[in-house]
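*Asks:* Pasting a structure below so you can have a look.
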Amino acid sequence: MESDSNLFENLTTKTLNTVSATNIDALTRDIHLERANQEALLATVLVNDASMRASGTIIPGTGAIKLSEAVTDNTRTTWFRPNPGEVWVVDMAGFVWTDKTGDAGLTMYYYDGTTALDVAYLSNTATGSSITARLSDDGSWEWPFHVDENCYIQFVAGSASNWASGQFQGACWRIR
């Protein structure tokens, strides 16, 4: 039987500003849904409500422009993978080419560690450096995207015949 005291004892050094989704997830993920754990379940609801994790709206102060590592080839690369227990909403994303040859596309994927789902593709026919492209809704998919530690975004810039270097970027807000 879990008690609410374990949850609160482990959070006593945290404030609403400093408690992370990883902290809460680690303390609550093993609580079983049973009557004997009612106190712990109620405490979990209280902590999630107080830390704005339960509503599904943007948590104030969490907006960020996330940048990938710089890429120099057409290897599928993880852009941003949230910490355990976190869920982020991605409102827009794009790629800044620093150099490329010929036509070089940008493909964005949802990835769950096993399967890559092709979500968006952008073709860029310009060559040279400092070329910015923003992925936009072409009617076949819609913004925003949601990502967590299990299903996150990867990308490929360029192709086997035309290389590209640059950086993937996106605007994100944490919602859990």
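The values are calculated or read from the model by the stated rules, or taken from the named source; none is laboratory data. None of the values given here were measured: they were computed from a predicted structure. Quick reminder, even Gly has a Cβ in these numbers, built from the backbone with ideal geometry, and neighbours come from all protein chains shown.
*Asks:* What's the total number of residues in the stretch 1-40 that are among the β-branched types (Val, Ile, Thr), over 22 Å from residue 81 (Cβ atoms) and touching a residue at least 12 places away in the same chain (Cβ under 8 Å)?
*Replies:* Qualifying residue count for the region: 1.
*Asks:* Another question, if that's okay. Could you tell me which numbered condition residue 70 fails, if it satisfies all but one of (1) hydrophobic (A, V, I, L, M, F, W, C); (2) exposed (fewer than 14 other Cβ atoms within 10 Å of the Cβ); (3) closer than 21 Å to residue 17 by Cα?
*Replies:* It is condition (3) that residue 70 fails.
*Asks:* Could you tell me whether the stretch 50-57 includes any residue that is surrounded by 16 or more Cβ atoms within 10 Å (Cβ to Cβ), within 16 Å of the chain's Cα centre (by Cα) and not in a helix (DSSP H, G or I)?
*Replies:* Here is the first cut: in the stretch 50-57, the ones surrounded by 16 or more Cβ atoms within 10 Å (Cβ to Cβ) are 51-53.
Next, from what is left, pick out any that are within 16 Å of the chain's Cα centre (by Cα): 53.
So of that shortlist, the ones also not in a helix (DSSP H, G or I) come out as 53.
Within the stretch 50-57 (the criterion being surrounded by 16 or more Cβ atoms within 10 Å (Cβ to Cβ), within 16 Å of the chain's Cα centre (by Cα) and not in a helix (DSSP H, G or I)), the answer is yes, since at least one residue qualifies.
*Asks:* Go through (1) modelled with pLDDT under 80; (2) of a type outside the set (D, E, K, R); (3) in contact with a Cys (Cβ under 8 Å, 6 or more places away or on another chain) and name the single condition residue 124 misses.
*Replies:* (3)
*Asks:* Could you tell me whether the stretch 26-42 includes any residue that is under 13 Å from the mean Cα position of the chain (by Cα), not in a strand (DSSP E or B) and not charged (D, E, K, R)? Give the steps one after another, and end with the answer.
*Replies:* At the first step, the residues of the stretch 26-42 found to be under 13 Å from the mean Cα position of the chain (by Cα) are none.
The answer is no; no qualifying residue exists.
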